[in-house]
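See structure below.
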Amino acid sequence: MCGIMGYTGYEQASPIILEGLSRLEYRGYDSAGLAVQAPVKTTEPPPLQVAKACGRLQALIDKTRGGADLPGSCGIGHTRWATHGIPSKENAHPHISEDGCIAVVHNGIIENHYDLRRELIAEGVEFRSQTDTEVIVHLLSKACSNAPESEKASIIGSVLTRLKGAYALGILFADEPDIIYAVRRDSPLIIGCINNGKQQISGIMASDIPALLPLTRQVFYPEDGHIIKLTTQGISFYAYNNDTHTVTNVTKSYGDPVTLTLSENAARLGHYKHFMRKEIEEAPQAVKRTLESGLTDPDNPFFTDGALLASVQNIRMIACGSAYHACLVGKAAIESLCRVPVEVEIASEFRYREPVIPHPSHTLTVLVSQSGETADTVAALRLCKSMGIPTLGIVNVQGSTLAGEADHVFYTPAGPEIAVATTKAYCAQVAAMYLLALQLGRAKKVLSADEQEKLIRELTSVPEKMEQLISLESDLCRLSQELASARHIFFIGRGMDHALSMEGSLKLKEVSYIHAEAYAAGELKHGTISLIQDGTPVVALVTQPHLLHKTLSNVAEVKARGAYVICLTTAENILREGGLALSDVADRVIPLPATHPCFTPLIASVPLQLLAYHVSVARTLDPDKPRNLAKSVTVE
Ligand code: M6R
């Protein structure tokens, strides 16, 4: 959940690292720090230069005068999302050995850190922070003094054998100038490489691609457990052998770096005030690309492999947060269009409940994740694989853990998503669900070629309809002023609308801090309706023709108890024909363009996302970095 970045090369490292961290700040933003090797002027290596600051990265930038106070061309940095210990200068990374000669930045969790801490304290080590990370730096320091002549890669390897949990690490040693060591286990890490052709190599390590984009498009995705040595002569990869306590150079097995095709602007704010707003506007294109990719791209064979899809008898979908909500839409679409049973589960529940899967080899498990690094979703994937269940990962981030480990992968080409609250990636996930439904329906002969073609035609018109809705922004902005002072907001709907109301409610609460709850409209009167009083805002989703009158009855029930009803609907025409004006039942109506009922969640998600964004702005909050949250949840 933290962001780590390192650079060794021919430029000043600090400004480069600070810029990289600013592109990773969505991963954590409660404190930040830097460690840089001072330029060597004597034979004695000078201790590492370190700066830390509490709060947003800007505090560190100000404190170090944009990095000018820490000169040198090799360093590591970190932006933190607190797991162990409050956000404070002491707990901020990098963590430094007692002699000031080793620095470590860490993303992840060391699960056995209490045991290691106890052991180290008994040996006389004094801890300065409450973090799990600090044990690593002390273990390294001890290993170095026990075997001073050993290669550092092998020292690091021996320390890794003591650690349990997930980590991506950047390590600096004062006595190894211009070298960074990096390592990952179950946490994301990307290695970038700049080769300027004059045998001058610069190496970069970062938690995510946006940090690398201004510097290079040439990257490596290191394997779990490998130790990477970044130097100004080249990048080497090592595997550690636990039995012989030696390292083997495995650089050859990596071959050439992968070339990224993303533009630098993909992760830039441009003229927008916030990434969230920019990414909402990018959602229609993200959906369009997802549909093109699934329907025509030969590199994405999963959705066109009829034989594979025909063998699927039931589906289990597993995810967290908004990705879980995308799965709920998928369940409704697949069950309605293909009559194939679908179970949807929250990854953190699935992995610990000793699941019973009746026909493992005929159960397709679909794991959905924007980041591809969510700890619980990755663990659920591994559990499914261990049970012999075929897995499909629907993932946005190229080269992520989930993408690497699932049997089949479908990439949602939404591009980098920087705002913590997902918008365009959620829409792309929903689009992927529809692809699965349509291709599955065809493969299982539940949909005829004609029906499938008609649905595909309708689906490909959805991005344009989403774009039309962005033009409603000024109305939504006015509405958000009215909602900004609410204490509680309810979202209601039935069927697909209920799945979407869960996403609408999550979006609003995460960026506005207003308590929001989603309810199946028909369930309200079994308890929750007692919370409705004069003026309580209720957002009603009314897009499913076969449920129209049922939902409207529920709307009338809350209205009768004083609720202020905002209705998002595709059904204005139907109602008008029946002699009923929506204004009779709702205080505010947001009309949605008509489409096939299965596809309305995509269309309706645009106004819901815009509403959440504008309520956040109206409350003078930062929608891109909501308190307590991080983009990529790599801890369970
Ligand atoms: O990267 P993932 O899609 O696996 O992330 C899952 C959730 O953490 C994520 O959707 C979260 O709920 C977002 N903050 C929602 O906007």
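The values are calculated or read from the model by the stated rules, or taken from the named source; none is laboratory data. Only a predicted model underlies this, so the values are computations on that prediction, with no experimental measurement involved. Don't worry about glycine lacking a Cβ; one is built from the backbone with ideal geometry, like all the others, and counts go over all protein chains shown. Remember, those area values only see protein heavy atoms, side chains included, never the ligands or the DNA or RNA. Shrake-Rupley method; radii C 1.70, N 1.55, O 1.52, S 1.80 Å.
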TODO: Show me 169-181, 135-147 ranked by packing, highest mean number of other Cβ atoms within 10 Å first.
DONE: 169-181, 135-147
Task: Surface/4 of the Cα convex hull for the stretch 67-152, nm² - done: 6.7
TODO: Compute the whole-percent fraction of alpha carbon pairs in the chain spaced more than 38 Å apart.
DONE: 37
TODO: Please count, across the stretch 470-636, the pairs of lysine residues with Cα atoms under 28 Å apart that sit 8 or more places apart or on different chains.
DONE: 13
- [ ] Keeping all protein chains in place, calculate the accessible area per residue for the stretch 89-178 (probe 1.4 angstrom), answer in Å².
- [x] 40
TODO: Using amide H atoms built 1.01 Å from N in the peptide plane, name the residues 5+ places from residue 31, or on other chains, whose amide H lies under 5 Å from its own.
DONE: 55, 80
TODO: Quote the relative contact order of the chain in percent (integer), defining contacts as alpha-carbon pairs under 8 Å separated by 6+ residues.
DONE: 12
- [ ] Take the alpha-carbon centre of the stretch 196-267, take the same for the stretch 474-547, and report the distance between them in whole Å.
- [x] 46
- [ ] Just order 101-111, 82-92 by mean Cβ neighbour count inside 10 Å, highest at the front, would you?
- [x] 101-111, 82-92
- [ ] Take every Cα-Cα distance within the stretch 269-460, group them into 10 Å bins from 0 onward, and report for each bin the whole-number percent of pairs it holds.
- [x] 10, 39, 36, 13, 2, 0
TODO: Using only Cα atoms, find the angle between the long axis of helix 548-559 and the longest principal axis of the chain, and express it within 0 to 90 degrees, rounded to the nearest 10.
DONE: 80
Open item on the list: I'd like the FRET efficiency for residue 526 and residue 253, computed as 1/(1 + (r/R0)^6) with the beta carbon distance as r and R0 of 56 Å, rounded to 0.05.
Closed with: 0.40
TODO: Work out how far the C-alpha atoms of the stretch 220-346 reach from end to end along every principal axis, then list the three figures in whole Å, largest first.
DONE: 56, 47, 31
Task: Diffusion constant of the stretch 3-266 at 25 °C, which comes from Stokes-Einstein with the Kirkwood Cα-pair radius and 0.890 mPa s, µm²/s - done: 135
- [ ] Run the numbers on the stretch 401-545 and let me know its relative contact order in percent, using alpha-carbon pairs under 8 Å that are six or more apart.
- [x] 20
Task: Fraction of accessible area attributable to carbon and sulfur, the chain (%, probe 1.4 Å) - done: 50
Open item on the list: Run the helix sum for the chain: -39,500 (n - 2.57) per DSSP H stretch of 4+ residues, divided by residue count, reported at 222 nm to the nearest 500 deg cm²/dmol.
Closed with: -10500 deg cm²/dmol
- [ ] Assign unit charges at the C-beta atoms only (+1 for Lys and Arg, -1 for Asp and Glu), then state the dipole size of the stretch 3-266 relative to its Cα centre in Debye, rounded to the nearest 20.
- [x] 420
- [ ] Return the lysines within reach of residue 142: Cα separation strictly under 30 angstrom, same-chain partners fewer than 8 residues apart disregarded; answer none if there are no such residues.
- [x] 41, 52, 89, 152, 164, 229
Task: For the stretch 521-536, 3J(HN,Hα) per residue [Karplus equation, 6.51 cos²θ - 1.76 cosθ + 1.60, θ = phi - 60°, Hz, x = Gly/Pro] - done: 3, x, 8, 3, 6, 8, x, 5, 4, 5, 8, 7, 9, 3, x, 4
Task: Mean-position separation - Cα centroids, the stretch 89-148 and the stretch 598-620, in angstrom - done: 44
- [ ] Put one equal scatterer on each alpha carbon of the stretch 112-161, apply the Debye formula with no solvent term, and list log10 I(q)/I(0) at q = 0.18, 0.19, 0.22 1/Å to two decimals.
- [x] -0.55, -0.61, -0.78
Task: Virtual spin-label span in nm between residue 549 and residue 478, 7 Å along Cα→Cβ - done: 3.3
Task: Highest-first arrangement of 544-552, 264-272, 340-348, where packing means the average Cβ count within 10 Å - done: 340-348, 544-552, 264-272
- [ ] Set the Förster radius R0 to 25 Å, insert the Cβ-Cβ distance between residue 583 and residue 561 as r into 1/(1 + (r/R0)^6), and round the FRET efficiency to 0.05.
- [x] 0.85
- [ ] For the stretch 1-103, list log₁₀ I(q)/I(0) at each q in 0.15, 0.16, 0.22 Å⁻¹, using the Debye formula over Cα point scatterers of equal strength and ignoring solvent, two decimals each.
- [x] -0.53, -0.61, -1.10
